[in-house]
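Written out below as structure tokens is the structure these notes cover.
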């Protein structure tokens with residue numbers, strides 16, 4: 001498989017190593033230093049693109065791949081207000097677009113556990129719900145895309161929560177997410193259900209970037225030959241309700 005890497009930070013370098021170790025080729029690496037070279041890459045040159053850049057770059061990178069019918073796997077967060085536009089473009093072009101806020105298998109299982117617990121806890125309003133997320137200081141967006149996905153899973157299943165906010169709040173209709181940035185932290189997400197008598201907590205802690213990067217390579221392998229818009233539920237066949 002010939003992979004074009006869009007973004008060559010720590011995640012991009014980890015993806016490259018995993019891909020090469022699995023026998024894949026990485027003939028194109030596009031970063032902010034050579035972004036103009038992207039316009040020279042066509043669908044005949046690569047089999048798939050993996051995009052891990054910054055929010056201000058992701059939209060244009062993914063759009064280019066979709067327009068060129070280059071299957072694209074994207075893990076950049078912080079730009080999702082434009083995601084539905086690119087999903088429609090992908091469908092109209094007959095291309096392939098795979099997006100996930102987090103490519104770790106463990107995190108995607110965590111997403112489902114979170115939805116199941118939220119659906120149950122919605123029957124017990126004595127519990128107040130809150131979240132926190134911790135990432136490395138280089139992460140630009142807050143809350144993390146993973147935290148937003150967790151929050152959406154809660155909002156879908158608890159009717160008295162109207163939206164999330166990235167701060168502490170006394171408004172019972174809002175779901176507070178506290179974001180912390182600490183050196184050399186790969187990512188920790190916690191969801192809390194607190195009452196006067198007890199507390200319930202679910203938590204996922206990433207020990208390194210390998211799980212994220214490995215999942216992105218697996219997603220790229222899976223996307224080859226497909227058309228449409230996909231995510232980790234499709235890849236992992238997670239249909240837990």
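The values are calculated or read from the model by the stated rules, or taken from the named source; none is laboratory data. All values reported here derive from a predicted model rather than from experimental measurement. A quick note on method: Cβ atoms are made from the backbone with ideal geometry, for glycine too, and the neighbour counts reach across all protein chains shown.
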Residue 22, sole failed condition from (1) farther than 15 Å from residue 216 by Cβ; (2) within 23 Å of the chain's Cα centre (by Cα); (3) surrounded by fewer than 16 Cβ atoms within 10 Å (Cβ to Cβ): (1)
Test result for residue 197, at pLDDT 95 or above and assigned to a loop (DSSP other than H, G, I, E, B): yes
Checking residue 178 against (1) surrounded by fewer than 19 Cβ atoms within 10 Å (Cβ to Cβ); (2) in contact (Cβ under 8 Å) with a residue 24 or more places away in the chain; (3) assigned to a loop (DSSP other than H, G, I, E, B), the condition it does not meet: (3)
Residue 38 touching a strand residue (DSSP E or B) at 6+ places or on another chain (Cβ under 6 Å) and assigned by TED's automatic domain parsing to the domain that holds residue 13: yes
Residue within the stretch 204-212 that is under 24 Å from residue 78 (Cβ atoms) and part of a strand (DSSP E or B) present: yes
Only listed residue being closer than 17 Å to residue 116 by Cβ and assigned to a strand (DSSP E or B), chosen from 229, 191: 191
The listed residue being modelled with pLDDT of 95 or more and farther than 22 Å from residue 206 by Cβ, out of 163, 172: 163
Filter result (surrounded by fewer than 16 Cβ atoms within 10 Å (Cβ to Cβ) and either assigned to a strand (DSSP E or B) or over 22 Å from the mean Cα position of the chain (by Cα) (or both)) within the stretch 27-41: 27, 33, 34, 35, 36, 37, 39, 40
Helices (runs of 4 or more DSSP H) within the stretch 42-154 that include 3 or more residues modelled with pLDDT of 95 or more, buried (at least 18 other Cβ atoms within 10 Å of the Cβ) and not assigned by TED's automatic domain parsing to the domain that holds residue 29: 105-121
So residue 220, is it in contact with a helix residue (DSSP H, G or I) (Cβ under 7 Å, 6 or more places away or on another chain), modelled with pLDDT of 95 or more and assigned to a helix (DSSP H, G or I): no
